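Engineer: Supplied in structure tokens, the structure appears directly below.
The values are calculated or read from the model by the stated rules, or taken from the named source; none is laboratory data. Because the structure is a prediction, the values reported are computed rather than measured. Counting neighbours? That spans all protein chains shown, and the Cβs are built from the backbone with ideal geometry, glycine included.
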Amino acid sequence: MSSIVNAQKDRIVEEKIDSILSLLTLEEKVAMCHAQSKFSTPGVPRLGIPEVWMSDGPHGVRAEINWDNWGYAEWSNDSITAFPALTCLASTFNPDLAKSYGISVGEEARYRKKDVLLGPGVNIYRTPLNGRNFEYMGEDPYLASKLVVPYVKGVQENGVAACVKHFALNNQELWRDHINVEVSDRALYEIYLPAFKASVIEGGAWAMMGAYNKFRGQYCCHNELLLNKILKTDWGFDGVVISDWGGAHNTYEAAMFGLDMEMGTGTDGLGTTTLNHYEHYYLASPFLKLLKKGEVDEAIVNDKARRILRLMLRTNMNSNRPLGKMNNVEHHHVARKVATEGIVLLKNKENFFPIEDREGLTIAVIGENAKRSMTAGGGSSELKPQFEISPLEGIKKRYKNAQIVHAMGFASGPSVYDQILPSPYDADSLKVEAIEIAKKADVVLFIGGLSKSHLQDCEGADRKQFELPFGQDDLLNDIMAVNKNIGVVLITGNAVEMPWLDKINGLIQGWYLGSIAGDALADVISGDVNPSGKLPFSFPIKLKDNAAHYFGELSYPGDSINQFYKEDILVGYRWHDTKKIKPLFAFGEGMSYTSFELSDFKLNKKTYTKGEQITISGTVSNTGIVDGAEVVQVYVGKSKSKVKRALKELKGFKKIVVKRGLSEPVQITINVNDLAFYDEAIKDWNLEKGNYTAYIGNASNNISKKIKFEIK
Ligand code: BGC
């Protein structure tokens with residue numbers, strides 16, 4: 001559409017909002033700015049202005065919650081498709097799939113009559129202990145930016161707003177509701193904000209959720225710098241800032257520093273009364289009082305109501321929006337495709353994988369995660385799928401000739417929010433049973449990892465340990481003593497310690513894969529699908545090798561009041577690369593059942609100037625015996641600079657399918673302007689002139705070509 005037509009449309013919308021605003025009383029405008037139930041805000045019934053209905057997010061549409069408490073409403077028509085966790089989506093390195101994911105989850109939200117989907121999450125992976133990493137898109141701002149944009153666009157095509165969260169710096173769950181994050185401007189702009197910025201500027205996100213934590217002394221849900229200056233002024237965000245549930249703390253600040261809609265966790269906004277509780281929210285009667293006393297100008301509530309009406313005209317007041325779809329074959333197909341493309345093969349000694357389905361072969365599938373539901377638990381992203389195919393079911397379905405035997409091996413207890421419930425099983429007998437079946441099997445497939453329980457991959461707390469929980473390391477050692485032909489499938493949203501890595505033959509990083517988990521895993525284990533996933537974050541060997549942990553407690557987790565991001569811009573692979581600390585597995589790493597060769601890579605020029613594009617082209621050859629897909633990754637570094645730099649940073653990538661024996665051309669473009677660093681001295685982006693190096697490879701630790709170029 002031409003920009004003139006767009007401008008005209010915008011003008012019509014704003015005129016419509018003007019005309020509605022002129023009909024609203026002060027009380028009605030204030031009412032729109034806060035919750036009336038756990039997941040809705042009131043409309044204006046006398047004018048037919050609808051309520052706004054929201055749902056979590058981000059991996060599917062959450063089951064209906066009671067009006068006024070966190071219990072599930074027990075509806076029978078709210079079972080949905082569970083899509084793979086966002087870490088898995090990030091591992092696909094496939095923006096087209098992110099678009100399909102966004103469209104599908106948006107269709108389900110629309111069908112379930114939701115106006116706002118509370119997701120996606122793009123907080124950066126800073127520490128492997130963060131309980132919510134599985135809901136985010138990894139450690140690299142460029143990768144997360146490239147995937148969040150199509151996700152947001154896909155959701156919003158349905159007339160459902162994506163609410164990008166948690167803005168910003170909510171990079172740990174421990175003390176999330178009060179910890180004050182101190183971080184340099186440079187790390188803020190270069191690492192922690194780009195995905196949010198892309199979601200607004202390129203994705204056109206209609207809503208943004210403030211984070212629970214503080215940043216530079218002010219709560220993120222009413223943070224002058226983050227919301228008024230950066231989001232609304234610098235990025236021109238015209239949508240609605242929604243608080244995280246219970247994330248507002250002060251009426252004046254909420255009014256003045258950018259919050260538009262206050263949602264809550266406690267049943268009373270101020271924690272003292274249950275009578276007409278929503279009326280006591282900061283942006284409810286206390287706000288009205290300030291407006292009436294003239295301590296806050298009416299223009300402030302008008303701006304909030306304008307934003308909320310704008311969101312409504314895009315969603316529930318847009319009579320042209322589609323009707324949505326739920327649990328259809330296409331959604332299942334997307335869920336399976338994301339899952340299979342996101343699974344990462346990390347070790348494959350003597351072609352352990354794929355495992356052939358043949359008569360006479362006994363495969364011992366050991367581990368609780370082979371059967372455990374991974375859509376239950378985890379906090380607000382918990383889902384009630386119409387069905388969930390477990391890894392064991394998927395494997396049994398696929399393997400018709402081989403004999404599949406299973407033992408739990410370990411047990412972790414049910415996933416209950418904020419509590420640890422013991423498992424009813426006896427750990428010793430589970431182990432004995434597992435060792436017995438391992439002894440008799442030809443192949444052992446250990447399916448373990450973390451779970452969605454408290455202190456695992458779950459909202460509200462961080463992991464307490466880097467190693468695998470529930471005695472899995474010991475169990476693995478005992479199994480290996482009786483059967484050395486063992487492969488491990490890790491179902492986690494986080495990196496874990498792997499003291500047994502040298503002794504196993506195969507390793508698959510399996511993520512939380514949603515409704516079709518088992519089929520997707522069986523696709524890869526059997527070789528029906530050739531794996532092409534790449535890690536969206538580094539796996540350190542030990543916790544101290546991770547940058548946030550290297551700098552001690554004040555860096556992570558802080559002293560409960562403050563924390564300092566001392567690693568600054570050197571997050572993830574930027575740290576491992578620059579400090580030469582070898583990770584166990586590197587960002588961008590992931591194997592295939594075939595082999596690829598990258599050749600003839602070159603840049604279109606030797607020197608560039610501001611505003612130009614760099615075109616990198618070359619050839620990817622599939623030199624193995626099966627079809628496959630490879631992700632070409634382009635990193636750029638600058639050795640001489642006026643500031644400290646990471647050795648290299650991801651600036652472009654492309655996933656490319658290549659049939660066996662064939663070669664495909666590949667082209668990647670980089671905007672020269674995207675090579676700028678955030679210069680604290682001038683408080684702006686600065687494109688340094690001089691020599692740069694492009695690093696081209698298929699993983700951050702596997703660079704096949706380095707090319708020098710210059711910016712003049
Ligand atoms: C979470 C949000 C979620 C909200 C509503 C909060 O505790 O941090 O991500 O959207 O609850 O469930």
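Yes/no per residue for (1) among the polar types (S, T, N, Q); (2) buried (at least 23 other Cβ atoms within 10 Å of the Cβ); (3) farther than 26 Å from Glu497 by Cα:
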residue	(1), (2), (3)
Ile366	no, yes, no
Pro391	no, yes, no
Lys397	no, no, yes
Val416	no, no, no
Ser453	yes, yes, no
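Engineer: Something else about it: Take the stretch 466-521 and flag every residue that is buried (at least 23 other Cβ atoms within 10 Å of the Cβ) and among the polar types (S, T, N, Q).
Structural biologist: Gln472, Thr492, Asn494, Gln509, Ser515
Engineer: Can you tell me which of (1) out of contact with any Leu (no Cβ under 9 Å at 6 or more places or on another chain); (2) surrounded by fewer than 23 Cβ atoms within 10 Å (Cβ to Cβ) is the one Asp545 doesn't meet?
Structural biologist: Here Asp545 meets the rest and fails (1).
Engineer: If you don't mind, there's one more thing I want to ask. Hey, can you tell me all the residues within the stretch 565-606 that are farther than 17 Å from Leu345 by Cβ and under 23 Å from the mean Cα position of the chain (by Cα)?
Structural biologist: Across the stretch 565-606, the qualifying residues are Tyr565, Glu567, Asp568, Ile569, Leu570, Val571, Gly572, Tyr573, Arg574, Trp575, His576.
Engineer: What's the number of the only condition in (1) of a type in the set (Val, Ile, Thr); (2) under 14 Å from the mean Cα position of the chain (by Cα); (3) away from the ligand (no atom under 16 Å from the Cβ) that Thr87 fails to meet?
Structural biologist: With respect to (1) of a type in the set (Val, Ile, Thr); (2) under 14 Å from the mean Cα position of the chain (by Cα); (3) away from the ligand (no atom under 16 Å from the Cβ), Thr87 is out only on (3).
Engineer: Considering only the stretch 592-623, state which residues are surrounded by fewer than 21 Cβ atoms within 10 Å (Cβ to Cβ) and of a type in the set (A, V, I, L, M).
Structural biologist: Leu598, Leu603
Engineer: On the given criteria, is Arg62 within 16 Å of the ligand (Cβ to nearest atom) and either closer than 28 Å to Leu455 by Cβ or among the hydroxyl-bearing types (Ser, Thr, Tyr) (or both)?
Structural biologist: For Arg62, the condition - within 16 Å of the ligand (Cβ to nearest atom) and either closer than 28 Å to Leu455 by Cβ or among the hydroxyl-bearing types (Ser, Thr, Tyr) (or both) - is met.
Engineer: Turning to a different aspect of this structure: Filter the stretch 1-29 down to the residues that are of a type in the set (D, E, K, R) and modelled with pLDDT of 95 or more, then identify the one that is surrounded by the most Cβ atoms within 10 Å (Cβ to Cβ).
Structural biologist: Ranking the qualifying residues of the stretch 1-29, first place goes to Lys29.
Engineer: Right, something else. Being over 17 Å from Met209 (Cα atoms) and within 16 Å of the ligand (Cβ to nearest atom) is the filter here; which residues of the stretch 109-124 pass it?
Structural biologist: Correct list: Ala109, Arg112.
Engineer: Now a separate question. Being surrounded by fewer than 22 Cβ atoms within 10 Å (Cβ to Cβ) and of a type in the set (Val, Ile, Thr) narrows it down to one residue among Val626, Val632; which is it?
Structural biologist: Val626
Engineer: I want to confirm something. Restricting to the stretch 160-208 and keeping residues that are within 14 Å of the ligand (Cβ to nearest atom) and within 23 Å of Arg321 (Cα to Cα), which single residue is nearest to the chain's Cα centre (by Cα)?
Structural biologist: Out of the qualifying residues, it is Val164.
Engineer: Hey, can you tell me all the residues within the stretch 129-145 that are surrounded by 24 or more Cβ atoms within 10 Å (Cβ to Cβ) and either away from the ligand (no atom under 12 Å from the Cβ) or farther than 29 Å from Phe39 by Cβ (or both)?
Structural biologist: Leu129, Asn130, Asn133, Phe134, Met137, Gly138, Glu139, Asp140, Pro141, Leu143, Ala144, listed by residue number.
Engineer: So which of Lys654, Lys638, Lys642 is under 14 Å from Ile670 (Cα atoms), of a type in the set (D, E, K, R) and modelled with pLDDT of 95 or more?
Structural biologist: Lys654
Engineer: Another question, then. Could you tell me whether Ile17 is more than 16 Å from the ligand (Cβ to nearest atom) and under 30 Å from Gly247 (Cβ atoms)?
Structural biologist: Spelling it out, Ile17 is indeed more than 16 Å from the ligand (Cβ to nearest atom) and under 30 Å from Gly247 (Cβ atoms).
Engineer: Is it the case, given these coordinates, that Phe215 is of a type in the set (Phe, Trp, Tyr) and buried (at least 24 other Cβ atoms within 10 Å of the Cβ)?
Structural biologist: Details: of a type in the set (Phe, Trp, Tyr): yes; buried (at least 24 other Cβ atoms within 10 Å of the Cβ): no.
Considered against the rule, which asks whether it is of a type in the set (Phe, Trp, Tyr) and buried (at least 24 other Cβ atoms within 10 Å of the Cβ), Phe215 comes out as no.
Engineer: Can we say Ser55 is touching a Lys or Arg at 6+ places or on another chain (Cβ under 8 Å), more than 14 Å from the ligand (Cβ to nearest atom) and in contact (Cβ under 8 Å) with a residue 60 or more places away in the chain?
Structural biologist: no
Engineer: Val149 - would you say it is free of Cβ contacts under 8 Å to residues at least 40 places away in the same chain and either more than 15 Å from the ligand (Cβ to nearest atom) or within 24 Å of Phe585 (Cα to Cα) (or both)?
Structural biologist: no
Engineer: Whether any residue in the stretch 315-337 is hydrophobic (A, V, I, L, M, F, W, C), assigned to a helix (DSSP H, G or I) and touching a strand residue (DSSP E or B) at 6+ places or on another chain (Cβ under 6 Å) is what I want to check.
Structural biologist: No, every residue in the stretch 315-337 fails to be hydrophobic (A, V, I, L, M, F, W, C), assigned to a helix (DSSP H, G or I) and touching a strand residue (DSSP E or B) at 6+ places or on another chain (Cβ under 6 Å).
Engineer: Right, something else. Is it the case that some residue within the stretch 30-38 is in a strand (DSSP E or B) and either at pLDDT 95 or above or within 16 Å of the ligand (Cβ to nearest atom) (or both)?
Structural biologist: yes
Engineer: Now for a different question. Out of Gly71, Gly48, which single residue is free of Cβ contacts under 8 Å to residues at least 24 places away in the same chain, over 21 Å from Asp260 (Cβ atoms) and within 16 Å of the ligand (Cβ to nearest atom)?
Structural biologist: On the way: Gly48 fails: within 16 Å of the ligand (Cβ to nearest atom).
Testing whether each residue is free of Cβ contacts under 8 Å to residues at least 24 places away in the same chain, over 21 Å from Asp260 (Cβ atoms) and within 16 Å of the ligand (Cβ to nearest atom) leaves just Gly71.
Engineer: May I pose another question? Please determine whether any residue of the stretch 336-343 is in contact (Cβ under 8 Å) with a residue 12 or more places away in the chain, more than 18 Å from Gly60 (Cβ to Cβ) and of a type in the set (Lys, Arg).
Structural biologist: The answer is no; no qualifying residue exists.
Engineer: Something else now. Out of (1) touching a helix residue (DSSP H, G or I) at 6+ places or on another chain (Cβ under 9 Å); (2) surrounded by fewer than 23 Cβ atoms within 10 Å (Cβ to Cβ); (3) not aliphatic (A, V, I, L, M), what's the single condition that is false for Asp177?
Structural biologist: (1)
Engineer: In addition: Do we find a residue being at pLDDT 95 or above, under 25 Å from Phe410 (Cα atoms) and part of a loop (DSSP other than H, G, I, E, B) anywhere in the stretch 345-352?
Structural biologist: For the stretch 345-352, residues at pLDDT 95 or above, under 25 Å from Phe410 (Cα atoms) and part of a loop (DSSP other than H, G, I, E, B): present.
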